[in-house]
Amino acid sequence: LDEALTHGGLANNLNVNLIRIDSEKLKPLEIKSKLKNVSGILIPGGFGKRGTEGKIEAIKYARINNVPFLGICYGMQMAIIEFARNKLNIKKATSSEFDKNGIPVIGLITEWMKNGKIMKGTDKNLGGTMRLGSYEAKLRDNSLIKKIYGKRIIEERHRHRYEVNINFREKFEKKGLIFSGLSPDGKLPEIIELNNHPWFIGVQFHPEFKSRPLSPHPLFSSFIKAAKNHK
């Protein structure tokens, strides 16, 4: 991931200065002082509850202050929870991965399509039941993500067991959070983006796996360009 961000800098003739912040220690009152001088905010993949509230607060800061934001896998899921709590007023919005008592806007995938076959998951914590490997996604017309990729069908690598709850899609989109990329069957949200924001994107996959120094991934090139334009 660090290298992919560097590749994005190469594409923009920039050196990328990475500032690592431990979200477990990030307090709401410290958000402004710690993030006021950054040009972009990235929340990477992860597992479990540790540090989630700090991540959610950082995403809220990015959303409100128009700071370019990229959420990868778990980072996208935290963006969904933040938006549900603060824009949809679903105060108990959470992920069933770490809270069984809230409203699960993020839940365990029970099945998905792979090469025309139905793959089944489990409620047990087993790595072999993850959605692993390369999957296609269809991008929405007139979306930022389609502009970045320059095509309608993309293929990216996945590594996750939880997914955004598609049943909340209409509520999110009414408030401006668009599901701009879906699995080919339309059941699994792959990409979200925020209207009326300079650059706010979450992806369920891992674009860093496909980035190379002489061939930077377009998402990282675009993210760093947006960060450059911000500050």
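Annotations for the structure displayed:
- 31 Å Cα-Cα threshold exceeded, pairs from Lys34/Lys151; Lys36/Lys187; Lys60/Lys138; Lys27/Lys100; Lys55/Lys225; Lys87/Lys225: Lys34/Lys151; Lys36/Lys187
- Accessible area of the chain belonging to carbon and sulfur atoms, whole % at 1.4 Å probe: 48
- The chain: calculated mean residue ellipticity at 222 nm from DSSP helix runs of at least 4, using -39500 (n - 2.57): -8000 deg cm²/dmol
- A 1.4 Å probe run over the protein chains yields, for the chain, 52 Å² of accessible area per residue, whole-number rounding.
- Sequentially through segment 134-141, phi angles give Karplus couplings (6.51, -1.76, 1.60; θ = phi - 60°) of 8, 9, 7, 9, 9, 9, 7, 4 Hz, Gly and Pro residues having no value and appearing as x.
- Charges were assigned to the Cβ only: +1 to each Lys and Arg, -1 to each Asp and Glu. The resulting dipole of the chain about its Cα centre is roughly 360 debye.
- DSSP-loop trypsin sites (Lys or Arg not before Pro) across segment 1-104, with at most 15 other Cβ within 10 angstrom: Arg20, Lys36, Lys49, Arg50, Lys91, Lys92, Lys100
- Each of His230, Gly40, Ile166 was scored by the projection of its Cα onto the charge dipole of the chain, and the greatest displacement toward the positive side belongs to His230; charges sit on the C-beta of Lys, Arg, Asp and Glu.
- Label of the coordinate-derived value, log10 I(q)/I(0) by the Debye sum over Cα atoms at q = 0.08, 0.12, 0.15 Å⁻¹, listed as (1) -0.38, -0.77, -1.06; (2) -0.27, -0.63, -1.02; (3) -0.56, -0.72, -0.93: (2)
- Accessible surface ranking for Ser39, Ser183, 1.4 angstrom probe, highest first: Ser39, Ser183.
The values are calculated or read from the model by the stated rules, or taken from the named source; none is laboratory data. What you are looking at is a predicted structure, and each value in this text was computed from that prediction instead of being measured. Backbone-built Cβ (ideal geometry, glycine too); neighbour counts: all protein chains shown. To get the accessible areas, we keep the full protein, side chains included, count just its heavy atoms, and leave off ligands, DNA and RNA. Shrake-Rupley method; radii C 1.70, N 1.55, O 1.52, S 1.80 Å.
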